[in-house]
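As structure tokens, the structure follows; a few thoughts come after it.
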Amino acid sequence: MKIAVLSRNPRLYSTRRLVEAGTERGHEVVVIDTLRAYMNIASHKPQIHYRGKPLEGFDAVIPRIGASVTFYGCAVLRQFEMMGVFPLNESVAIARSRDKLRSLQLLSRRGIGLPVTGFAHSPDDIPDLIEMVNGAPLVIKVLEGTQGIGVVLCETATAAESVIEAFMGLKQDIMVQEYIKEAGGADIRCFVVGDKVIASMKRQAKPGEFRSNLHRGGSASLIKITPEERMTALRAAKVMGLSVAGVDILRSNHGPLVMEVNSSPGLEGIETTTGKDVAGIIIQHLEKSGGPNMTRTKGKG
Ligand code: ADP
Ligand code: MG
């Protein structure tokens, strides 16, 4: 196959590993800088140009679209889909997953366990909003944050009120969430490829921190997940429409709760922790399900 990897930087671990794994398995793999792909959207024959030439002959595309380039990246990916190139994850599913509130709404309508979460616009509604999520301590999250930035733990209702007011004053959309204390600063990353959880790890926040993100100093270790956790992760990825996803789960007193579903999960932490060839498994998945004209949406939003 001829595979495009949409990525801003060929030196990133995940990008490098995907190129390596694809090449090892006999494919031609080309890294395309997402922001340097430009397109003719009005032509009868959809095209993408790159460094002055049209991109041609690709069978599959692996999107590695960073949060800061979601809008443009999804447009480029959609164009690939319109050209009949098979995407590892579809642009609609990626766009969906990038909005934390929208994701939780989609997961909740399918009955997937979630932390109690509230969303409001007016400062007048803050006291009741706090009540709705069972009071303090609670977690406040910026809707489009990543890597733990924009996630705040408020110990008291008074603190929560002022933080929520501050975010609203800055016109920043936030959601308010019950704090799952019993998770003890840990969460479980389930790496889904196709219809399997192919690897999982536990991430533990550093002492004095509740956010387990590796970027915030968290540490990763091996973990055996329960059948219920496995099922929850698979269902969450399916509801989001993602064939490759990093599903983050909190272990609560009343079972697994999905915190978020990542559409471009990093490979470094999971490969280093589990010793698994995750990049190779992703390429094998493409070999099975990909190929020209196998896209379901053809760029339909
Ligand atoms: P981001 O997209 O920035 O990673 P998350 O929603 O994943 O944001 O939150 C970051 C971290 O904060 C999580 O990995 C988890 O350790 C912790 N966390 C988030 N929400 C909760 C919650 N409701 N209860 C307990 N811990 C939480
Ligand atoms: Mg996270």
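Over 27 Å between Cα atoms: which of K181/K224; K45/K238; K141/K276; K53/K238; K171/K238; K141/K238 fall into that group? Long pairs (Cα-Cα over 27 Å): K45/K238; K141/K276; K53/K238; K171/K238.
Each of L153, I130, Q79 was placed along the dipole of the stretch 63-220 (beta-carbon charges, centred on the mean Cα), and the one lying farthest toward the positive end is Q79. Sorting 184-193, 17-26 by their mean Cβ neighbour count within 10 Å, with the most densely packed peptide first, gives 184-193, 17-26. Protection proxy ranking, highest mean first, for peptides 239-250, 70-81, 210-221: 239-250, 70-81, 210-221, where packing is the per-residue count of other beta-carbon atoms within 10 Å, averaged. Set against the 2.2 N^0.38 Å expectation for a compact globular protein, the stretch 48-153 has a Cα radius of gyration ratio of 1.45.
Per-peptide packing, taken as the mean over residues of other Cβ atoms within 10 Å, places 167-176, 91-100 in the sequence 91-100, 167-176 from highest down. Taking every alpha-carbon pair in the stretch 21-73 and binning the separations at 5 Å intervals from zero gives 4, 15, 23, 25, 18, 11, 3, 1 percent. The tail of the calculated P(r) for the stretch 196-284 beyond 17 Å holds 50 percent of all Cα-Cα pairs.
By the Stokes-Einstein formula, at 1.002 mPa s and 20 °C, the stretch 161-222 with its Kirkwood radius over alpha-carbon pairs has D equal to 154 µm²/s. Scaling against 2.2 N^0.38 Å puts the C-alpha radius of gyration of the chain at 1.04. Remark: relative contact order (the chain) = 20 percent; criterion is Cα-Cα distance under 8 angstrom and separation of 6 or more residues. The spread of Cα positions in the stretch 152-301, taken along each principal axis and listed from longest to shortest, comes to 56, 38, 28 Å. Computed per residue of the chain from DSSP H runs no shorter than four, each worth -39500 (n - 2.57), the mean residue ellipticity at 222 nm is -9500 deg cm²/dmol.
Overall, the chain carries a charge dipole of about 1100 debye about its Cα centre when +1 sits on the Cβ of Lys and Arg and -1 on the Cβ of Asp and Glu, all other atoms neutral. The overall shape of the stretch 113-185 is oblate: from the C-alpha gyration tensor, with semi-axes ordered a ≥ b ≥ c, the ratio a/c is 1.5 or greater and a/b is no larger than b/c. If only the Cβ of Lys and Arg carry +1 and only the Cβ of Asp and Glu carry -1, the dipole of the stretch 90-199 around its Cα centre is close to 600 debye.
Coordinate-derived values only; no laboratory data. Computed from a predicted model, the values in this text were never measured in an experiment. Using ideal geometry, Cβ is built from the backbone for each residue, glycine included, and neighbour counts are taken over all protein chains shown.
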